[in-house]
Amino acid sequence: MLSINGLTKRFGDKIAVDTANIQINEPAMIGIIGRSGAGKSTLLRMLNRLSDASDGEILFKNEDVTAMRGAARRQWQSRCAMIFQQFNLVPRMDVVSNVLHGTLNRRSTLATMFNLYPRSDIHKAIDILDRLGIAEQAPKRAEALSGGQQQRVAIARALMQDPAIILADEPIASLDPMNAQVVMQSLRDIHEEDGRMVIANLHTLDTARRYCDRVIGMRDGRIVFDGTPAQLTTGVARDIYGAGSDFSEAATSTEIETLDRTDAPKVEAVA
Amino acid sequence: MLSINGLTKRFGDKIAVDTANIQINEPAMIGIIGRSGAGKSTLLRMLNRLSDASDGEILFKNEDVTAMRGAARRQWQSRCAMIFQQFNLVPRMDVVSNVLHGTLNRRSTLATMFNLYPRSDIHKAIDILDRLGIAEQAPKRAEALSGGQQQRVAIARALMQDPAIILADEPIASLDPMNAQVVMQSLRDIHEEDGRMVIANLHTLDTARRYCDRVIGMRDGRIVFDGTPAQLTTGVARDIYGAGSDFSEAATSTEIETLDRTDAPKVEAVA
Amino acid sequence: MTSLDIQASKTHAEGLFRRKRLFAFGVPAVILVYFAYIFFAFDVPGLVQRANMDNARTLTSDIWSHKVHVTRDNRNGEISYAVEGERKGEYPEGKRPAWVSGADVITVDLGGDTIVRFLPDNRTEIDVPGFGSVEAQAEGRTVTTNLPSDLPDWINASDRRVAIATPEGRITLTGSKTEVFNYFAGWELFWFTFDSPYHGMGFGQIVFGEQIDPERRNIIGAMSDFWHNKMWRHKDIAWALGETILMAFLGTMGAAMIALPLAFLAAKRFAPVMLLRTATRRLFDFVRGVDALIWTVVLARAFGPGPMTGALAILITDTGTFGKTFSEALENVDDKQIEGVTSTGAKPLQRYRFGVIPQVMPVLLAQVLYFLESNTRSATIIGAITGGGIGLMLTQAIQTQKDWEEVAYYIILIILMVMVMDWLSGWLRGKLIGTKDG
Amino acid sequence: MTATDTTGRAATPGLGDIRESYLAQVGRRRLYSGLALLLFVVLMVSGFNIADDRNAGGFWEGLHQIGDYPSEVLAEAWGKRRDLPSLIAKFFPALVETINIAAVSTIIGAVGGLILSLLGTRGLAKWPRLIPLFRRFSDTLRAIPEIVIALVLIFILGGGPVPAMIAIALHTAGALAKMFSEVAENADLKPVEGLASTGATWTQRMLLGVLPQVAPNYVSYTLLRFEINIRASAILGFVGAGGLGYELRNAMAWGPGRFDEAAAIFVLLFGTIVFFDQISSRYRNRLTEGQAQ
Amino acid sequence: QDAKITEFRIGILGGENAQDRMNNYACMQNYTTEALGVETKLFAPADYNGVIQGLLGGTIDMAWLGASSYAATYLQDPEAIEPVLVKQNLDGSIGYHSIGFARVDSGIEALKDVEGKVFGFGDPNSTSGYLIPSIEIPKATGATMESGDYFGEVKFTGGHEQTIIAVANGDIDAGVTWADAQGEWEDGYNSGALRRAVDAGLVDMNDLQQIWMSNVIPEGPVVLRADLPADVKATMTELVDTLYERDAECAYGVAAGDTLGFVPVTHKTYESIVAARQSVIGN
Ligand SMILES: Nc1ncnc2c1ncn2[C@@H]1O[C@H](COP(=O)(O)OP(=O)(O)OP(=O)(O)O)[C@@H](O)[C@H]1O
Ligand SMILES: Nc1ncnc2c1ncn2[C@@H]1O[C@H](COP(=O)(O)OP(=O)(O)OP(=O)(O)O)[C@@H](O)[C@H]1O
Ligand SMILES: [Mg+2]
Ligand SMILES: [Mg+2]
Ligand SMILES: O=P([O-])([O-])[O-]
């Protein structure tokens, strides 16, 4: 289905992604882990064609994604939604408008210039928001929402694209544990219910373990691990993170359960 | 010496200080404790005449401080120095200048405009800074100093005023435990060596106990305790803080020793 | 710290204060020296000598008062009555002020027992209380009087001209004419001129009273006569104010609309071609540097005098200013939003529309609205050069130096106009930036 | 804990309501922005037509002639380009006068604006009750175009640079007072209070407590104003006060034969404006950057 | 070329209060609208150059120019305008004079008394206010008109009215303006800038005295834009020509004082002025 062959990205001398090979044959939920600077974001940006690969190719259903230009590239981007750590919404616009940005590729430029969207799209946007549990935020400005809500708006925008693949670049890194859980669960639900492929960069091991069917580990631009969560032992993790024996998983955790084990007060989740 | 009679401050309906009566007959070191909003700052600000009393009087050596206006009031302020929680220095000016501001009341506006401070004052300022252990910071800008150093500059400015009374409004609330200790010790030394009266608002019990000859407790604007540190039992403290039986002194402590009892690393005090 | 170190510290601090003192004295001293140079370069001492305080007095009294001239032409004996001595202010045939009486001997009662009598044979008699009676006769080019040789300072007499200034009014006599000026508070003929039937009518009379002019309903007639007042020219002034605001509005908005697309060309992140970018920036610098003043002169040749020329001058200069600030704002946009929109497969225009415009709009609007107010002032000045709007009326009224009440009227209107524009732009700023979605 | 979705949904009011109210909101917004846009377009179009109508020449007829005048000037100036340096030298004193007017009025205006801004800022004012008074006063100063005061003063004081200088200074004081007080409003009051506690007078508090904080911004605004004032000073010369504007008007008015003079003056004026524009924007960048650090 | 016009634009020379100028021409505006059947607009730019530029740029159709302004326009574009009529004085002549004057109390009685003092011209494009005096006065003084050469300072006040006020106020010691030099000095002569200033109540002629007078200067022409349709030119020439007969009061306003009306004129009348202007440019 998705086949990444020898994908490489160079910034000057620096090799951010080094001949990455990944084969994905079914719409799985995949987590990419690795420490800061490992090349996770760069990989995802190449997948979405936000940046060009220096070498190698990406094939989706045997189409060469890396070769796409202009309209074809934009067409690809619309089928391959992306979610960012900082949400990357338009803060001054209302939530529904932000979600509707997911349809930009399909609509004529002129109509969208004046914010004119078909009524059916608006209904669909609100349905998606409802599915993510934030329908009542619909008329508010995006900047008025909490981080977790904003990320769910970003997911809604992604869903609005009706994409085959959803890429998520550290979607929960800016969120508190409670919101992190809600967002990850949403991604998982989307994967399970809609059967979409989800590839998420994650910087905590336990999240990857808990939500992903398959985990890819990167280190210094290279893929150093590719397997099931079960195969991801502490030893392997130490390898990926290049850490010594003092490495403790809890230090990278953002899960509520992990925190609950310490003395922090228990937090109730309220949507 | 200092006699506060029925001193009251109202902000609209709110009574911040309610008929406070305090008699101080000798230059003591006095700590005022009480929880946030108890009226400690308001009381000190009235003493320094930064704000006017709504009712009551302050007598110092039988002079009515509350009745002073204009130059007389500024004259009083120069005899009654004040130290603030946020230091209230001029951050963009050098340390010596900040200390010399303590002489403003004695100098003409024109002279200060042209930085015409007598050489003797400059020397004195540096001597004071030396006494507080920060002489080598003299030429730096105040904003370049650490919190503890800035507070010592503020104390130097107060000393420069050669005041009869030093008021200190939570002088250590913005400082880390190590700096807090240095600053409190400086105040204590000044009190002991120069025989100046020091009145300090403190929000931790143990600091008050450790450094003060006399402790005044305030609650909701009223003085609810006035006695020696020894008389300040945990029961009395609970009264002052309006806390239940779960009240623990450690929770309000900022002392290094207190912290040391927990697992925090030991810090060496460097002057 | 050792005592040696302390000593070093002290010396150091002394040095510090010496430097600070040098600075504290130096800056004012330099400014003082500069002012001294200016004092002589601008010839301030000469100016103080030349300053004409009489003019200042005329100005201040003219602003709040008016005078009615009673003039006898000594060659034909005709007597005319005119507000401010102007043709448009002349009393209609057969009418005269109430304080003038008599037929052969015309008596002008200036009030306070000061009385001027126009006698036959170009003779004039003036009663000034506490001084006595002055008699004068005009013959050919000379004036003879019974005045003694030593005169009080309010009388200025030669054999060609006599001027008497009493607290009640002024009288000047020359061979050709005898003039009496009677002063009154207020702006005369502000509402209606003498030829209007509504002159001298009260507000109530006009609104609720009987129909005054059989041809027209009172309110319509009164409005029309007020609007067409020949003396104060309310219609022309309203148009002039309108033209001034129009210049500011068209210039500012036009400039903003042109500068916005150009600013993209000047912003690094949107215009990868360096040459184009630099060219655009230099263009901005050029149109700004040439200044509205010169643009006005240049454009006047192509478009002639009028508000369009002024508007275009503002437009061109501000295109440069806006271009510069807009492109700075564009340089500082946040990438995240653009990237977010891009990642959905949006087309380039859509990227600008949703990724960039919502971000820069508040900055740009604030800037544009601020300029709208300040350009109202510029338009006043540009009008004075290119011949349009309230600016020209004001400068010319001031240059002719007589109708100071009109000048005052214009100044008040200009200040009000600028303040209203200031308020309006502030209000719009709040409305648009506070609520508008990109 | 995974039940967030359902709890979220339970709190949701009827989905239909949300749709309806959102669509209504969008409709309203479209209506308002549509109306605003329409109003703007109508204003622009009718404004353009009115201006075009009241202008002697029409916009479209004039457009192709836009280069006529400059090309005449340039042609003559180019023909006599050898005289240019001596002409520039000849008009240099007038330029100095123009710059002097701008400089003096900027200094005086800045001092006036400084005092007005301190007196008109909440938290700093010496007489808090008089704040509205000082604010209205600076508003009025700001609202009066320089030309008004200059021409009135020329009547009293006679021609020359002083009326222009006073006029620009007054306007500058008003304009700077507003910008200054916006800065002063955000000034940190802690140092001021610290100084107050030592018994410092109001002047000392402002001088030592406020000025050091606001100085970079004040200097930056003053520089910006200086650049504006050079333009103002040139324009006032054009309508009656001395300096470069006066020379420019005479040269331009005479027309062919003195276009070389006009060009020389233009070069001086343009050069000066660009020079000070560059200097002031560079310094302003430095000042504000220095502050950010 | 014979296209219909949609409006007719009259320019009025600067140097006087815009409102007064508009007032004086209001009657003319009505007659023109009546005669041409199109809207007539008046424009009163701040100075002479405004009208010159308007004529050159084709944005003004008719104006009464001064001789020097005519020469300026002619020199820049000989094809732009046609002189058609000239004002006739009460004695039938078509000339006027540049008058040098000063305050009576200044002690200045002749040009020689102005040596080292401040001398004021009007508008650079004025014949009487600049061109002629700048040629004739140096002949009388034997020095140039540069500041500091003979006169202490030479200024341009901007226009006739400003010169008169500047002299009356003492801002300048002496200045030049125009008059027909007929009638009484006390009245400001029969027509001219001084007469207008007197009529407007600006000055008292007793305060001023004449210190110099130029040779006769040909009165400036009423000009029409050359590109105007022939019938429009004919109508307007006829209208101005007969204005005095039609409405003497209006002619008084338009012609700045007492007049016998307008008579035909051609470019030939102004050849000497064109030459004079060229000679000044040559300097
Ligand atoms: N635009 C760029 N120019 C130069 N180097 C870049 C650029 N983007 C990324 N890099 C470099 O490429 C390497 C990989 O970066 P990347 O952002 O992909 O890492 P990451 O795994 O996403 O890390 P993080 O967890 O910090 O987001 C880093 O060393 C980074 O410095
Ligand atoms: N300027 C003011 N206007 C209105 N109310 C005020 C003002 N200053 C203080 N108060 C109120 O007066 C009460 C006493 O305040 P004060 O600052 O003296 O308390 P405090 O004991 O110093 O508390 P903290 O520990 O927080 O500094 C508080 O309730 C406060 O809200
Ligand atoms: Mg990353
Ligand atoms: Mg407090
Ligand atoms: O050109 P004139 O000013 O003399 O009419």
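The values are calculated or read from the model by the stated rules, or taken from the named source; none is laboratory data. Keep in mind the model is a prediction, meaning the values are calculated, not measured. Neighbour counts run over all protein chains shown; Cβ positions are idealised from the backbone, glycine included. For accessibility, only protein heavy atoms count, side chains too; no ligands or nucleic acids. Shrake-Rupley method; radii C 1.70, N 1.55, O 1.52, S 1.80 Å.
For chain C, the fraction of 1.4 Å probe accessible surface lying on carbon and sulfur atoms is 62 percent.
Per-residue accessible area (protein heavy atoms, 1.4 Å probe) orders A:82, C:223 as C:223, A:82, starting from the largest.
Across the options C:68, C:140, C:89, the greatest Cα extent toward the positive end of the charge dipole of the stretch C:66-185 (unit charges at beta carbon of Lys, Arg, Asp, Glu) belongs to C:89.
When B:129, C:4 are compared by accessible surface with a 1.4 Å probe, the order from highest to lowest is C:4, B:129. Look at the Cα gyration tensor of the stretch E:1-157: its axes a ≥ b ≥ c give a/c of at least 1.5 with a/b over b/c, and that counts as prolate.
Inter-chain neighbour count for A:171-182: the average number of beta-carbon atoms from partner chains within 10 Å of each residue's beta-carbon is 1. Ligands, DNA and RNA are left out, and with a 1.4 angstrom probe the accessible area of the stretch C:66-185 is 49 Å² per residue.
What shape does the stretch C:88-149 have by the C-alpha gyration tensor, where a ≥ b ≥ c are the square roots of the eigenvalues, rounded means a/c under 1.5, and otherwise prolate means a/b greater than b/c and oblate the rest? In terms of gyration-tensor shape, oblate. Eigenvalues of the alpha-carbon gyration tensor of the stretch D:47-113, scaled by 5 and square-rooted, set the equivalent ellipsoid semi-axes at 35, 28, 6 angstrom, largest first. When the alpha carbon gyration tensor of the stretch A:1-99 is reduced to an equivalent ellipsoid, its three semi-axes come out at 23, 18, 14 angstrom, largest first. By the Cβ rule of 4.7 Å, the protein assembly as shown holds the following cysteines without a possible disulfide partner: A:80, A:212, B:80, B:212. Rounded to the nearest 20, the size of the Cβ-charge dipole of chain C about its Cα centre is 2700 debye, with Lys and Arg at +1 and Asp and Glu at -1. Inter-part distance, the stretch D:138-178 to the stretch D:246-278, computed on C-alpha centroids, equals 24 Å.
Cross-link partners among aspartates and glutamates for residue C:95, C-alpha distance below 20 Å, same-chain residues fewer than 8 apart left out? Straight-distance partners of residue C:95: C:73, C:78, C:84, C:86, C:104, C:109, C:179, C:188, C:195, C:213, C:225. What is the distance in Å between the Cα centres of the stretch D:210-240 and the stretch E:172-192? Cα centroid of the stretch D:210-240 versus Cα centroid of the stretch E:172-192: 45 Å apart.
Overall, chain D carries a charge dipole of about 860 debye about its Cα centre when +1 sits on the Cβ of Lys and Arg and -1 on the Cβ of Asp and Glu, all other atoms neutral.
Ordered by 1.4 Å accessible area with all protein chains kept, D:127, C:295 run largest first as D:127, C:295. Ellipsoid fit via the Cα gyration tensor, chain C: semi-axes of 62, 36, 20 Å, each the root of five times an eigenvalue, largest first.
Between the listed residues E:159, E:266, B:22, the Cα displaced farthest toward the positive end of the dipole of the protein assembly as shown, a dipole computed from Cβ unit charges relative to the Cα centre, is found at B:22.
Share of Cα-Cα pairs in the stretch D:80-289 beyond 29 Å, in percent? That fraction is 36 percent.
Exposure check, 1.4 Å probe, all protein chains in place: residue D:261 carries approximately 30 Å² of accessible surface. Across the stretch C:246-253, coupling constants 3J(HN,Hα) worked out from phi with the 6.51/-1.76/1.60 Karplus curve, θ = phi - 60°, read 4, 4, 5, 5, 4, x, 5, 5 Hz, and Gly and Pro carry x. At a probe radius of 1.4 angstrom, the accessible area of chain B per residue rounds to 40 square angstrom. Taking 7 Å steps out from each Cα toward its Cβ at residue C:76 and residue C:210 produces label points 3.8 nm apart. Relative contact order of chain E, taken over Cα pairs closer than 8 Å and 6 or more residues apart, is 27 percent. For the protein assembly as shown, the mean residue ellipticity at 222 nm estimated from helices alone is -16000 deg cm²/dmol, where every DSSP H run of n ≥ 4 contributes -39500 (n - 2.57) and the total is divided by all residues, rounded to the nearest 500.
Within the P(r) computed for the stretch C:234-432, what percentage of the Cα pairs occupies the region above 26 Å? Above the 26 Å cut-off, the stretch C:234-432 has 42 percent of its Cα pairs.
Once you divide the Cα radius of gyration of the stretch D:1-152 by 2.2 N^0.38 Å, the number left is 2.06. Quick one: Debye curve from the C-alpha atoms of the stretch C:46-175, no solvent, what's log10 I(q)/I(0) at q = 0.10 Å⁻¹? Once normalised to I(0) and log-transformed, intensities are -0.36. For the protein assembly as shown, the direction-averaged projected area of the alpha-carbon convex hull comes to 74.0 nm². Counting only protein heavy atoms and a 1.4 Å probe, the stretch E:123-225 has 29 square angstrom of accessible area per residue.
For the stretch E:235-283, the alpha carbon convex hull comes to 107 Å³ per residue, rounded to a whole number.
Using the Cβ-Cβ distance between residue E:33 and residue C:139 with R0 set to 56 Å, the FRET efficiency works out to roughly 0.70.
Each residue of the stretch A:193-202 was assigned a 3J(HN,Hα) from its phi angle through the Karplus expression (A = 6.51, B = -1.76, C = 1.60, θ = phi - 60°), giving 6, 8, x, 8, 6, 10, 10, 10, 6, 9 Hz with x at Gly and Pro. The convex hull defined by the C-alpha atoms of chain E has an orientation-averaged projected area of 13.5 nm².
Couplings 3J(HN,Hα) of the stretch B:46-54, computed from phi: 5, 4, 7, 6, 6, 10, 8, 6, 7 Hz, in residue order, whole Hz [Karplus 6.51 cos²θ - 1.76 cosθ + 1.60, θ = phi - 60°; x for Gly and Pro].
When the accessible areas of A alone and D alone are added and the area of the pair subtracted, with a 1.4 Å probe, the result is around 2100 Å², both sides summed. When chain D is described by a simple charge dipole with +1 on each Lys and Arg Cβ and -1 on each Asp and Glu Cβ, the residue from D:254, D:56, D:191 located farthest towards its positive end is D:191. Solvent exposure of residue C:262, expressed as accessible area, is near 50 Å², computed with a probe of 1.4 Å over the protein chains only.
Each peptide among A:69-79, D:37-47, C:298-308, A:88-98 gets the average number of other Cβ atoms lying within 10 Å of its residues, and from highest to lowest they stand as C:298-308, A:88-98, A:69-79, D:37-47. Take the alpha-carbon centre of the stretch B:21-58, take the same for the stretch A:41-66, and report the distance between them in whole Å. Between the Cα centre of the stretch B:21-58 and that of the stretch A:41-66, the gap is 70 Å.
Working ranking of peptides E:107-118, C:171-182, E:157-168, B:182-193 by packing, defined as the average number of other Cβ atoms within 10 Å per residue, highest first, is E:157-168, C:171-182, B:182-193, E:107-118. Legend: distances between Cα atoms for B:9/B:40; D:80/E:155; B:61/D:126; D:126/D:190; B:14/D:190; pairs beyond 19 Å are D:80/E:155; B:61/D:126; B:14/D:190. Taking amide hydrogens as placed 1.01 Å from N in the peptide plane, the amide H of residue C:166 sits under 5 Å from those of C:171, each at least 5 positions away in sequence or on another chain. For the stretch C:66-185, the relative contact order is 24 percent, taking Cα pairs closer than 8 Å that sit 6 or more residues apart in sequence and dividing their mean separation by the residue count. List the accessible area buried at the contact between E and C, summed over both sides and calculated with a 1.4 Å probe, in Å² to the nearest 100. That pair of chains buries around 2700 Å² in total. Going by a ≥ b ≥ c, the root eigenvalues of the Cα gyration tensor, does chain B fall in the rounded group (a/c under 1.5), the prolate group (a/b larger than b/c) or the oblate group? Because a/c hits 1.5 or more and a/b fails to exceed b/c, chain B counts as oblate. Pairs from the list C:268/D:178; E:4/E:233; C:235/E:233; C:230/E:233 with a Cα-Cα gap above 22 Å: C:268/D:178; C:235/E:233; C:230/E:233. For the stretch E:1-92, the list of trypsin sites (Lys or Arg not before Pro) that fall in a loop by DSSP and count at most 16 other C-beta atoms within 10 angstrom reads E:4.
A Förster radius of 45 Å, combined with the Cβ-Cβ distance separating residue D:279 from residue A:13, puts the computed FRET efficiency at roughly 0.65.
Based on alpha-carbon atoms, the Kirkwood radius and the radius of gyration of the stretch E:10-62 give Rg/Rh equal to 0.98.
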